[in-house]
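Enquirer: I'd like to ask you about the structure that follows.
Please treat every number below as a calculation from the coordinates, not as lab data. Keep in mind that what you see is a predicted model, and the values were worked out from it rather than measured. Reconstructed Cβ throughout: ideal geometry from the backbone, glycine too, with neighbour counts over all protein chains shown.
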């Protein structure tokens, strides 16, 4: 028996079993007879669709085919069962043998159920149609566009509201006529005060009752009374419910954008470390700003944010220009990065100043507007005085490239990292800082476990030093896979001017994954501006070689279009002594980034304040 015949036969059995069950219900009062019919049909269907062992060498019935044909049989058979059951119930309710009382009691629930069922059937047809024309999204419920389930629920409530409203209005708008016999004149007078008398017909007096008081057969109509008041209350409540649901649906659709294709994805691959190469003492994070209140009060290097196109944002009035536009993340101390650029442009630079100049030239070629320099890890300070930080900061300032410092903030160092950031930023004349916080990330062989109060204390210390305008936070990329981290990040909403998700796509589709990560912040109720930190490194040990990394960079540059949802984009990272096994920012990437002119993309639109001058 081939696959098609097998599935078709199973569907026919289900249909015949349903017809048999309905026939039994119409003939015999006990419902168990119909149940037996359905059980027999289900058993026969299971037998037909079973995976029959085949002779050695013969092709077996593939499990995926079994699933497909079983689903087809269930869909066809189940649909027929539902249709027949509904027709049978309608027949019983509308039958002449059914009393008006039964009709009234059963009619409304039945109509509501039928209305919702028909809506679901229509939705099912839409889903099948989308599948047939290849518009279905396998990552979404029913394969329909994101938000469709919420819309279906709203439509169901509208269906229920409409049906009940019409039913109540028709039931109560014209009260039924009633007849009462043998009503005396006094009774007639009493009724006139309470009901509307339509007709009164004198009854003939019997011969034996000559001279008796006249009696009447009265046809009257009752006022709505309590029933009418109840109907009004039901309509008000249903209207309120529908309004609330509709408002929630349309409000939520403004916050959650249409791309939720991977909303069920868990933690991103290899996102345990900030840069993939950062080691277990913290390889990703932020930098710092000068000491105390001077940082937040200094007008230089600040911009007024006048427009931002992402949904539902909490935007500071002013934001440090090191956080805007196209930038570069450095990993570990600058010396390792500067050595990578010693030969950039030809020849070999030997002094730190010359290497810094070569690095600046590469940044200018890529149209980089800001550089974030790592100042410390979970193990402590990176530059002991000879690591090139001072030389690099001087070269960047001379080239009018903004710079910020960053550090991996370890939970065990919560009491000291705030002071460390302040000390190092003051030392090197840096006025902006990014705190890298990664709850659960392995550090020294143990998860980095943040508690609420130590985290609040750290953020209070950093904010008091740098101010919100000069402070940001580097985070995991996709918050859907980090619920515990999300709870910690939400505590910093009012302390930082932005969040910088680490969007390290590895083998994922770069554009889709970047959108997913940005959307996950909005889903999580975080409305701060976003700076996307994207991947420019490779790691052969993770089966992500240099050629793959270069291809992913080019794909992102050519395909990403949601620039209005971010205020900046930084590359992680600028490279070191690159090898085949590991490295970052190859010459091929530099060429692609330079050609992409990411500095000209329509980021969220900050413009200089009229009263603030931009200085180096």
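Enquirer: Of the listed peptides 145-155, 414-424, what is their order by residue-averaged count of other C-beta atoms within 10 Å, with the highest listed first?
Expert: 414-424, 145-155
Enquirer: Once you place label points 7 Å from the Cα toward the Cβ at residue 190 and residue 235, how far apart are they in nm?
Expert: With each label placed 7 Å out from Cα toward Cβ, I get 3.4 nm.
Enquirer: Quick one: plug the Kirkwood hydrodynamic radius of the range 355-456 (C-alpha pairs) into Stokes-Einstein at 20 °C, 1.002 mPa s, and report D in µm²/s. Provide the component values of the computation, followed by the final result.
Expert: Numbers: Rh = 14.8 Å.
So the translational diffusion coefficient is about 145 µm²/s.
Enquirer: Report the full-extension gain for the segment residue 342 to residue 542: residue separation times 0.36 nm, less the Cα-Cα distance, to one decimal in nm. Before the final figure, lay out the partial values.
Expert: Numbers: separation 200, 0.36 × 200 = 72.00 nm, distance 2.78 nm.
Length gained between residue 342 and residue 542: 69.2 nm.
Enquirer: For the range 431-584, just say rounded, prolate or oblate: build the C-alpha gyration tensor, square-root its eigenvalues into a ≥ b ≥ c, call rounded for a/c under 1.5, and beyond that prolate if a/b exceeds b/c, oblate if not.
Expert: Values: a/c = 1.82, a/b = 1.49, b/c = 1.22.
It comes out prolate by the Cα gyration axes.
Enquirer: Right, here's the next one. Pairs of Cα atoms under 8 Å, at least six residues apart: use those to get the relative contact order of the range 113-167, whole percent. Mind dumping the intermediate values first?
Expert: Details: 24 pairs, mean separation 18.3, N = 55.
This gives 33 percent for the range 113-167.
Enquirer: Among 179-186, 388-395, how do they line up by average Cβ neighbours within 10 Å per residue, starting with the highest? Provide the component values of the computation, followed by the final result.
Expert: Working: 179-186: 12.5, 388-395: 21.8.
Most protected by this proxy first, the peptides run 388-395, 179-186.
Enquirer: Let me ask something else. Can you give the extra length, in nm with one decimal, that the chain gains between residue 219 and residue 120 once fully stretched, where that is 0.36 nm per residue apart less the Cα-Cα distance?
Expert: Working: separation 99, 0.36 × 99 = 35.64 nm, distance 4.54 nm.
Gain on extension, residue 219 to residue 120, equals 31.1 nm.
Enquirer: If you don't mind, another one. If R₀ is 22 angstrom, what is the calculated FRET efficiency for the pair residue 449 and residue 419, using the beta carbon separation as r and rounding to 0.05? Mind showing how you got there, number by number?
Expert: Working: r = 22 Å, r/R0 = 0.98.
Step by step, r from the Cβ atoms, then E = 0.50.
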